[in-house]
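Here the structure is laid out as structure tokens; the discussion comes afterwards.
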Amino acid sequence: MAACQLAQCVSIVEKDDQLDSAKKQTAARFYSDQALAMLRDAVSEGFNDAVHMKKGRELAPLRNRDEFHKLLAEVETRAKTPSAAPGQP
């Protein structure tokens, strides 16, 4: 999933010694925003692996974001009500 690849970029830029603190923060925010956008698209298209979202190592950089928790709640809610269409709460 593309969101996983982008989320991994967050960890990479946070460890990049060639970037100053402001550039690290800007780049990390960019990659996490892009990863969340891709994850949002995947959820709207029917992605429903809440366990992967909670435990997948590559998504760890996103777990401190409110939007990630909203998407996770949507996936979990949809799992409890299978009749709900993707993208619908």
**OP:** Count the lysine pairs in the chain whose Cα atoms sit under 27 Å apart, keeping only pairs 8 or more residues apart in sequence or on different chains.
**Re:** 12
Original post:
Which option, (1) 5.4; (2) 7.2; (3) 6.1, is the value of mean projected area of the Cα convex hull in nm² that was calculated from these coordinates?
Top reply: (1)
Subject >> Distance (nanometres) between label positions extended 7 Å along Cα→Cβ at ALA73 and GLN5 >> reply: 3.1
Original post:
Once both axes come from the Cα atoms, what is the angle between helix 2-14 and the longest principal axis of the chain, in degrees from 0 to 90, rounded to 10?
Top reply: 30
**OP:** Please work out how much length the chain gains when fully extended from LYS80 to THR26, using 0.36 nm per residue of separation minus the C-alpha to C-alpha distance, in nm with one decimal.
**Re:** 15.7 nm
Original post:
What FRET efficiency do you get for ASP33 and LYS54 if R0 is 22 Å and r is their Cβ-Cβ distance, rounded to the nearest 0.05?
Top reply: 0.60
Subject >> Length gained when the stretch GLU14-GLU45 is fully extended (0.36 nm per residue, less Cα-Cα span) >> reply: 8.1 nm
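Throughout, read-outs are computed from the coordinates displayed, never taken from laboratory work. All values derive from a computational prediction rather than experimental measurement. Heads up, the Cβs are rebuilt from the backbone with ideal geometry, glycines too, and the neighbour counts pull from every protein chain shown.
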